1. Using just the helices of chain B, give the 222 nm mean residue ellipticity in deg cm²/dmol: DSSP H runs with n ≥ 4 each add -39,500 (n - 2.57), and the total is spread over all residues, rounded to 500.
2. Between B:93, B:229, B:17, find the one with the highest GNM mean-square fluctuation for chain B; connect C-alpha pairs within less than 10 Å.
3. Using only the Cα atoms of the protein assembly as shown, build the gyration tensor, take square roots of its eigenvalues as a ≥ b ≥ c, and label the shape rounded, prolate or oblate: rounded if a/c is under 1.5, else prolate if a/b is larger than b/c, else oblate.
4. Among rounded, prolate and oblate, which fits chain A when a ≥ b ≥ c are the square roots of the eigenvalues of its C-alpha gyration tensor, a/c under 1.5 means rounded, and a/b larger than b/c means prolate?
5. Mind checking which of A:27, A:81, A:70 has the largest fluctuation in a GNM of chain A, springs on alpha carbons under 10 Å?
6. With the radius of gyration and the Kirkwood radius both derived from the Cα set of segment A:2-177, what is their ratio Rg to Rh?
7. With N denoting the number of residues in chain B, provide Rg(C-alpha) divided by 2.2 N^0.38 Å, to two decimal places.
8. Round to the nearest 10 and give me the degree value, 0 to 90, for the angle of helix A:210-224's Cα axis relative to the longest principal axis of chain A.
Ligand SMILES: Cc1cc2nc3c(=O)[nH]c(=O)nc-3n(C[C@H](O)[C@H](O)[C@H](O)COP(=O)(O)OP(=O)(O)OC[C@H]3O[C@@H](n4cnc5c(N)ncnc54)[C@H](O)[C@@H]3O)c2cc1C
Ligand SMILES: Nc1ncnc2c1ncn2[C@@H]1O[C@H](COP(=O)(O)O)[C@@H](O)[C@H]1O
């Protein structure tokens with residue numbers, strides 16, 4: 001039995017939850033798949049359109065959601081269903097819970113995987129060395145395994161309607177709620193979600209100021225229907241929110257088009273975007289490292305080139 | 001109180017990574033203390049500078065070459081160090097079990113772990129270590145205060161930030177933005193050579209049974225066109241849009 005553990009975001013299932021179904025089915029090879037969902041029952045019902053058995057986890061201890069409480073809940077559902085493989089998203093929540101669950105179950109951990117296979121033992125591919133190396137990791141022995149799945153890599157699954165939803169009430173210990181959660185601030189939304197965008201316009205320190213960032217990047221993002229990303233330098237300067245940071249300590253994206261404006265191309269930034277299908281950079285320095293990984297590059301001042309690209313896009317869409 | 005800062009020694013970010021048939025080849029590469037781990041050492045020093053009575057112990061698990069990174073931590077301000085010296089490659093869960101044994105023996109109150117180090121790209125060590133110890137943890141921490149036996153932190157979540165209060169003992173994983181690490185001064189580099197660096201072996205700590213192993217490593221290559229478009233802003237932009245539409249077909 002393969003168990004998916006996921007949580008609703010703003011009341012509904014995130015796209016990453018469906019990607020877990022794809023991975024779980026690959027791992028199951030025909031064996032049953034089940035899911036445990038934290039959040040409203042509607043989210044569990046959504047997943048029941050893909051997975052035969054869904055447990056809807058509801059308990060006051062799971063709100064707000066804390067790593068230790070979710071670990072305990074996941075462990076209890078896995079025990080009830082006799083699951084020996086648990087699949088979670090490699091988002092921040094999953095990366096916080098999965099290692100704990102692996103320790104608790106005495107399980108192997110396959111972290112942030114981009115491919116899985118089961119012939120001749122369980123194996124997965126993942127990135128290392130700041131996403132410059134792709135490594136294959138093998139599970140030694142046939143014991144329990146916890147897998148976290150890199151978001152936006154696996155395709156969405158086909159629906160399999162008719163799954164059932166049952167409530168599940170975990171029992172918690174004092175340690176599950178010993179961390180108290182204070183103020184929470186959600187990133188401002190509005191634009192297309194960065195991780196799910198087909199095109200991303202990213203800005204770096206070369207844009208010069210917060211005002212210039214907005215003036216140069218936003219029209220381009222609007223013209224492309226793109227998400228907006230930023231480098232750490234930009235986020236540190238307070239020009240853009242942390243939620244837009246791409247790289248080692250930010251998000252990892254792989255859109256069809258990544259347009260980098262005034263970005264030098266530090267490895268820590270590249271590790272978050274080097275899987276993009278087509279990379280374009282505009283930088284006034286012809287020797288900027290970003291040009292080593294571009295499909296198309298323009299050496300020039302973003303203040304001139306960015307509006308020119310926006311104008312050319314408009315013209316091309318008009319014609 | 002006793003603070004342990006766990007550290008790894010990783011290839012310098014600018015180092016060129018090569019791979020042969022046996023996986024990543026690291027000979028000739030410059031190694032440094034991982035940037036994420038520097039934040040932990042720095043934060044421990046800042047707690048001391050804020051008036052808390054702390055002993056800072058640097059802890060590392062890895063081959064002999066790690067000694068250099070450990071000396072860097074000592075030069076930054078750690079009081080002494082423990083090096084679990086081994087050439088065996090251990091996954092994060094197996095490392096957590098070994099390191100937890102040292103943390104227990106030391107009787108530490110707070111452990112810093114790098115959020116995601118630049119060699120294994122793993123964020124698992126901190127939460128796994130906390131679980132083995134039975135402690136709470138905060139990951140991706142950007143602010144930290146010690147008040148009345150508890151930690152008040154701010155950390156990044158999937159959709160923003162949140163404040164947490166954790167009872168001690170606890171594990172904290174670091175993140176850029178937590179602080180700006182200082183550089184070691186020459187006198188402190190000299191002093192660091194005389195600080196205690198205790199060696200431990202895996203066997204003494206109960207051994208290790210990793211449940212996963214890396215069986216292949218390849219350099220990720222992707223064919224890129226590498227085409228620089230010439231001309232003034234307007235004509236280069238027009239040509240770019242044409243190429244994106246007709247050649248790359250992403251518009
Ligand atoms: C542990 C650690 C983690 C990190 N994590 C991340 C991460 O997640 N994400 C991240 O992005 N960084 C990260 N960094 C930081 C990273 O190393 C770089 O410092 C950062 O990416 C640089 O941002 P930048 O390209 O905007 O700025 P810079 O490196 O300053 O580059 C600015 C570029 O703009 C160009 N430019 C200037 N003016 C113009 C103009 N008018 N027109 C066109 N071009 C112009 C310049 O030629 C230059 O190439 C991390 C660092 C560490 C140590
Ligand atoms: N596309 C893939 N999907 C899933 N697993 C893969 C894929 N490619 C390779 N693998 C895994 O990686 C191992 C090594 O693959 P290879 O690089 O083809 O020798 C295989 O045994 C699989 O376990």
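Read-outs throughout are calculated quantities, based only on the coordinates presented, and are distinct from any laboratory measurement. No experiment lies behind these values; they were computed from the predicted model shown. Don't worry about glycine lacking a Cβ; one is built from the backbone with ideal geometry, like all the others, and counts go over all protein chains shown.
1. Working: 6 runs with 66 residues, N = 251.
So the helix-based figure for chain B works out to -8000 deg cm²/dmol.
2. Most flexible of the set in this elastic network: B:229.
3. Values: a/c = 1.61, a/b = 1.17, b/c = 1.37.
Judged from the Cα gyration tensor, the protein assembly as shown comes out oblate (a/c at least 1.5, b/c at or above a/b).
4. On the way: a/c = 2.10, a/b = 1.88, b/c = 1.12.
In terms of gyration-tensor shape, prolate.
5. A:81
6. On the way: Rg = 15.1 Å, Rh = 16.0 Å.
Here Rg/Rh amounts to 0.94.
7. Details: Rg = 21.6 Å, N = 251, 2.2 N^0.38 = 18.0 Å.
The value comes to 1.20.
8. With rounding to tens, the tilt is 70 degrees.
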